[in-house]
Structures are given as C-alpha cells and as structure tokens.
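These notes are about the structure you will find just below.
The values are calculated or read from the model by the stated rules, or taken from the named source; none is laboratory data. Just so it is clear, the structure is predicted and the values come from calculations on it, not from any experiment. All Cβ positions, even for glycine, are placed from backbone atoms using ideal geometry, and neighbour counts span all protein chains on display.
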Amino acid sequence: ARQKGSGTVAFYSTEIQNKIMEAQGIIASFLPALEAHEFVVYYQPKVDVNTNKICGAEALVRWMHEGRLIPPVQFIPQLEREGSVCRLDYYVLEETCRFIRKRLDEGKKVPCISVNFSRRHLEEDYLVKKIVNVIGKYGIDHGYIEIELTESEDFQNYEIMSEIVDGLRSEGIATSIDDFGTGYSSLNMIKKVDLNVIKIDKSFIPMETEYPGKETDMVMFVSIVDLVRKLGKKTIAEGVETKEQLRYLRQVGCDIVQGYVFDKPMPESEFEVRLEQGYKD
Ligand code: C2E
Ligand code: CA
Ligand code: CA
Ligand code: CA
C-alpha cells in the first residue's frame, strides 16, 4: 500500500508491487553491476546476401548477474524508464571500441559494428560530441561505428533526431533506424530524417509457410525494400531465421541480413573465430 497526498491509500496488486520491487532492484544494482563489469557485449554478424560474407555486426548487451545471463528485455525497459540506459549505452560503445582497437592492434580485420542508442539520448546535450569523444579515446576510424536509433512516435523528436543524424554523418558515423515499420509514422520519419540504413523489423518478413495474410506481408515487404532502395539507403532485414526467407530476401533485392539463419549473438571470443571463418554458401 502507498500513502497518497490527500490521505487516501492506494493499493497496488501484488503483481504490480512485484514489478515495482523488481524494477527498483534492477535500478539499485545497476551502478554496482556496471562498475563490476557485469555487463557483457555480444556480437551478431550482419551478412551481405550477395557474397555471404560478414559485412558488419550489432553489439547486444547481456547482464551476467549472480551466475545468470540476463537478456536485455529483462532490464533495458526499466533502465530506459529511469534513464540509466544512457550510461549503459556508452559502456557498450566503449567495449565495442576497445574490441575494435584490439583487433586493429593485432593487425586483424574488423567490420563496422553498430551500437544501440536508446531514444533517451535524444534528450542529451552534446550527444554527437560525446560519441566522437569515446571513439576518439580508442583512436579508431569513425567508420567502424554505426549508431542504431529506434523510431520515435514523438513528432518533435524528428527535428532533434535529424540534427543528431546529420551531426553524426558529418563526423563520418552512419546511423540506422531500428525496428523500421513498427512505429506510428515510419514514413514521416524516413521523410524527415536522412538516415543511412533502414533495419526492417522481423514482424514484416514473410514466413516460409502459407498462411492467411501472407500475400499482404509480401507486398508490404517488397514495397518497403523498393522504397528504401529508391531513396538511396541500405536495407537490413533482421530476425531472419530460415533458408526460405533468405532465398526470398535475395530475390527481392534486400542487401543485408541479420538473423539466426546465419548466427545468434555471440560472445567476443566466438565472434573472433567467426570473423576468421567468414561464410560459405
Ligand atoms: P534489437 O535492437 O531489435 O535487437 C535485435 C534482437 O533480435 C536481439 O535480441 C537479437 O538477439 C534478436 N534476434 C536476432 N536474430 C534473430 C532471429 O533470427 N530471430 C529472432 N527471433 N530474434 C533474433 P536481444 O539481444 O535479446 O535484444 C533485445 C533488445 O534489447 C534489442 O532489440 C534492443 O532494443 C535492446 N538492446 C540490446 N542491447 C542494447 C544496448 O546495448 N542498448 C540499448 N539501448 N538497447 C539494447
Ligand atoms: Ca538494434
Ligand atoms: Ca531491431
Ligand atoms: Ca527491437
């Protein structure tokens, strides 16, 4: 139960109360966990469907807490609401830069790696400068880093987003829009913000089996890919799981695929092995 201003008492259901406790627990353990390096960066390859070669990767965070590997869905939303997600994103950016620096020092190749930046960063001052400073600390070319932003339904944010995307571009840093199509006004955003890469959400990728609505899915998907291409941007299809989907994506001219059909996100050491192997048909 919680005391309200007027003296009335509001009761939360046990379920809500548990959620609140859990969220408070996550937030309270966040900073100590960050200091203890409990956050681990996994990498998922992006594959060029024309050559079957790795052409990039996405950094995805996991939390190694008390012997358990916690997936981001279990802590990112809470950190996002509370705001500490920004600290975490910078940590992931640093870890990614450190990894790239290490590869380069060893004389090895490394592709461009994208890092997720929560929409909470749109509220931040000097965002572009801060990103450039982090990359600068590791002395790596800006082209090695790409920033993934998620669509925002907030109209006012387009201006801010546009400023940030243009600012990053002028520093040689590409920006991609994540989960494209799932927001309220995807077309508006694509019109107002000059992004480099569009990541089409997995919910738009037609499945291999026949099902009601498949036709509509295919028409929509082809049209999105076509639109993005005509605008001179790259498309990435994410969440691609089957060979059939892959064949289909090649057919309709989607450039890059990210999904279990090639790889799941993996720890750094495994990713390094993967980078040595490349891909075969
Ligand atoms: P996202 O950015 O859309 O990342 C793609 C998610 O799809 C990842 O989940 C990835 O593991 C999963 N995925 C990849 N291929 C497939 C596939 O073929 N099939 C299916 N079903 N899923 C696939 P993950 O790693 O659990 O991350 C979930 C979300 O958490 C991310 O979605 C992103 O929104 C957020 N996230 C992860 N790391 C960070 C981070 O460092 N910062 C921020 N702000 N958010 C992050
Ligand atoms: Ca992403
Ligand atoms: Ca996504
Ligand atoms: Ca997502």
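Assorted remarks:
- Restricting segment 165-179 to residues that are out of contact with any helix residue (DSSP H, G or I) (no Cβ under 6 Å at 6 or more places or on another chain) and either aromatic (F, W, Y) or in contact (Cβ under 8 Å) with a residue 12 or more places away in the chain (or both), the residue that is farthest from ligand 3 (Cβ to nearest atom): D166
- Subset tally (residues that are free of Cβ contacts under 8 Å to residues at least 12 places away in the same chain and either assigned to a helix (DSSP H, G or I) or under 22 Å from I173 (Cβ atoms) (or both)) for segment 26-73: 4
- Evaluation of V73 against (1) closer than 26 Å to P32 by Cβ; (2) crowded, with 19+ Cβ neighbours inside 10 Å; (3) β-branched (V, I, T) (one fails), failing number: (2)
- Residues in segment 232-278 that are within 16 Å of ligand 4 (Cβ to nearest atom) and either more than 21 Å from the chain's Cα centre (by Cα) or in a loop (DSSP other than H, G, I, E, B) (or both): G239, V240, E241, G259, Y260, K264, P265.
- The set of residues in segment 249-263 that are within 18 Å of E148 (Cβ to Cβ) and not polar (S, T, N, Q) comprises C254, D255, I256, V257, G259, D263.
- Every listed requirement among (1) out of contact with any helix residue (DSSP H, G or I) (no Cβ under 7 Å at 6 or more places or on another chain); (2) at pLDDT below 95; (3) within 16 Å of ligand 2 (Cβ to nearest atom) is met by V47 save one, (2).
- Checked against the criterion of being small (G, A, S) and within 16 Å of ligand 4 (Cβ to nearest atom), the candidates G167, G181, G143, G136 yield just one match: G181.
- Condition check for E80: in contact with a Lys or Arg (Cβ under 9 Å, 6 or more places away or on another chain) and within 16 Å of ligand 4 (Cβ to nearest atom): yes
- Among residues of segment 164-204, those that are in a helix (DSSP H, G or I) and modelled with pLDDT under 95, counted: 10
- Residue list for segment 142-164, restricted to those being within 16 Å of A57 (Cβ to Cβ) and without any contact (Cβ under 8 Å) to a residue 40 or more places away in the chain: G143, I147
- Residue match in segment 126-146 (condition: of a type in the set (S, T, Y), within 16 Å of ligand 2 (Cβ to nearest atom) and in contact with a helix residue (DSSP H, G or I) (Cβ under 7 Å, 6 or more places away or on another chain)): no
- Members of segment 209-231 found to be in contact with a Pro (Cβ under 8 Å, 6 or more places away or on another chain) and either more than 16 Å from ligand 3 (Cβ to nearest atom) or in a strand (DSSP E or B) (or both), listed by number: K214, D217, M218
- Some residue of segment 221-233 being at pLDDT 85 or above, closer than 30 Å to E95 by Cα and aliphatic (A, V, I, L, M): no
- Looking across segment 105-121, the residues that are outside any loop (DSSP other than H, G, I, E, B) and either near ligand 1 (Cβ under 9 Å from one of its atoms) or under 15 Å from F271 (Cβ atoms) (or both) come down to I113, S114, V115, N116, R119, R120, H121.
- Residue list for segment 108-120, filter: more than 10 Å from ligand 2 (Cβ to nearest atom) and touching a strand residue (DSSP E or B) at 6+ places or on another chain (Cβ under 8 Å): P111, C112, I113, S118, R119
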